[in-house]
Amino acid sequence: MYQTMMLIDGEQVKSLSGRTAVIRNPANQEPVGQVFLGGREEARAALEAAERAFPAWAATSPAARGKILHRAADLVRERQEDLARLLTLEQGKPLKESRREIQASADVLDYYAEEGRRIFGELVPSASAGSRSLVIRQPVGVAALITPWNFPVDLMSWKLAPALAAGCTVVAKPPSLAPLAATAFVQTAHDAGAPPGVVNVVHGPGGQVGAELVENPISKKIAFTGESSTGRWIMEHAARHLKRLSLELGGHAPFIVCKDAHLDRAVEACLRRAFNNMGQICISVNRVYVAEEVAEEFTNRLVEQTQRLKVGDGLDPGVDLGPMFSQQQREKTREHIADALEKGARLLCGGREPEGKEYEKGFFFLPTVLDHVDHSMLVMQEETFGPVAPIMTFQTVDQALELANDSPYGLAAYIFTSDLSTAFLAAERLEAGGVGVNVNNVAEIQAPFGGWKQSGFGRELSHYGLEQYLEIKHIRLGI
Ligand code: NAD
């Protein structure tokens, strides 16, 4: 069994209480690791270590910080197989996807190693001849990094890399039920030469460890990815000290298929983005709107391809979809499907667990397609975070855009069309932080990622992601 500790002030730490938790494989509920759990006291110790380390780290050159980040990226690549296996064992996703997640996280470290060199200032014109004005950017201070279980490594890299590149010291809090690979990932920054206290990791319940990171005045910035309700709690409590915040919260992405869409591509894109990681992605396709003229063909093809997806243990190389992360996620998915069927939806495939001995102990579920859905149903209102593609038809693009925007969320939206004007005008009107036109992914390392409306605020990735860890200072010089 893999054992994971906390990292505080450069030391591996068990926990004051000696409390541990067993991490189980969602494919068969076998134990895969043991994690030492801290509480408020360990979180405080980590924050204090980060505070002590901050002045020296902030004073290092961006090039020196970049070297450490590059070295960490190399270590992640060297350890890729172990990290990917660990990720599949604790989270369930197929091994090929875990490998992609680890590679992408190493790339983010490399990207910010270089982006940190471009923390430019400005020399701005002064109103008086006797003075000069300079604008510089400086690290905000100790940053708390709090992440969820669906992409535990990737989403940690989106925070760790820009924070360190900016000159912040960090306390990372990986998700309680999938902390193994994320902790091993953060450890690479320590192994790459980050001085003691610069990177710290604490484990434990969000309501204690996470809450201390938010409420303690030492942290100056909270970078959070998770549920909108947790984000709201964090915002309220961080307000007491007016902390800097970036909140990447839930999503409910619409996927519009126009009558002139390239159907092969639209079906393939919808299939992948609705079901990959068992729909447990904040930018998963949650609502499918298809033009009446092509609805039957689109639906038939989607159902046919969905039925071909192989569900199984993520370690099996032939598997397309692993188990869901937890029983709770599977129950929520079932409830959403039952609610839709009760209100008149039609079940076209899936809607239940797969049959067979190999599925008995895991949280498996078949990818599900529904049609005849409407906005009174939970699947069209709330984030299912499960493998469900509900299809609704539309007559005009205007109508589709209205339906797409009829949601409190605004993280990602997708449209498939071969008309340039439709694509452009629709992309402008969709209320989301990222719009995919003829693609099913809006995450791109050089471009900003984040939400509108109740999907949060602040941006990750790109130079915008680095800005989140920097304060602006005006220096006025009398000449
Ligand atoms: P969650 O909000 O339950 O937990 C996220 C993290 O916050 C965990 O580490 C948890 O321990 C911690 N936490 C819980 N209570 C806390 C508190 N009071 N103070 C501080 N920290 C606390 O979310 P989850 O179930 O792990 O993740 C799923 C959610 O994440 C979904 O809603 C999904 O859409 C969202 N998500 C959003 C994005 C994005 O970029 N917008 C990306 C991935 C996932």
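Among (1) assigned to a loop (DSSP other than H, G, I, E, B); (2) within 16 Å of the ligand (Cβ to nearest atom); (3) in contact with an Asp or Glu (Cβ under 8 Å, 6 or more places away or on another chain), where does HIS336 come up short?
Result: HIS336 fails condition (1) only.
Select, from ARG100, ARG117, ARG137, the only residue that is in contact (Cβ under 8 Å) with a residue 24 or more places away in the chain, assigned by TED's automatic domain parsing to the domain that holds ALA64, assigned to a helix (DSSP H, G or I) and open to solvent by 10 Å² or more (accessible area, probe 1.4 Å).
ARG117
Of all the residues that make up the stretch 429-466, how many are open to solvent by 70 Å² or more (accessible area, probe 1.4 Å) and basic (Lys, Arg)?
Residues in the stretch 429-466 being open to solvent by 70 Å² or more (accessible area, probe 1.4 Å) and basic (Lys, Arg): 2 in total.
Of (1) open to solvent by 20 Å² or more (accessible area, probe 1.4 Å); (2) away from the ligand (no atom under 13 Å from the Cβ), ALA165 satisfies all except one. Which?
(1)
Identify the residue in the stretch 427-479 that is among the aromatic types (Phe, Trp, Tyr) and assigned to a strand (DSSP E or B) and, among all such residues, is farthest from MET235 (Cα to Cα).
Among them, the one singled out is PHE449.
Can you spot a residue in the stretch 254-268 that is closer than 26 Å to GLY465 by Cα and either among the charged types (D, E, K, R) or within 14 Å of the ligand (Cβ to nearest atom) (or both)?
No, every residue in the stretch 254-268 fails to be closer than 26 Å to GLY465 by Cα and either among the charged types (D, E, K, R) or within 14 Å of the ligand (Cβ to nearest atom) (or both).
Got a sec? Which of ALA194, ALA238, ALA189 is within 11 Å of the ligand (Cβ to nearest atom), in the same structural domain as SER15 (by TED's automatic domain parsing), open to solvent by less than 10 Å² (accessible area, probe 1.4 Å) and not hydroxyl-bearing (Ser, Thr, Tyr)?
Every option except ALA238 fails the conditions.
Scan the stretch 259-274 and report the pairs whose first residue is open to solvent by 80 Å² or more (accessible area, probe 1.4 Å) and whose second residue is part of a helix (DSSP H, G or I), with Cβ atoms within less than 6 Å and a gap of 6+ or a chain change.
Filtered contacts from the stretch 259-274: LYS259/GLU293; LYS259/VAL294.
Mind checking which residues of the stretch 375-397 are open to solvent by 10 Å² or more (accessible area, probe 1.4 Å) and within 15 Å of the ligand (Cβ to nearest atom)?
Across the stretch 375-397, the qualifying residues are LEU378, GLN381, GLU382, GLU383, PHE385.
The values are calculated or read from the model by the stated rules, or taken from the named source; none is laboratory data. Treat the numbers as computed from the prediction; the structure is a model and nothing was measured. Glycine also receives a Cβ, built like all others from the backbone with ideal geometry; neighbour counts cover every protein chain displayed. The protein model used for the area step is the full one, side chains on, heavy atoms only, and it has no ligands, DNA or RNA in it. Shrake-Rupley method; radii C 1.70, N 1.55, O 1.52, S 1.80 Å.
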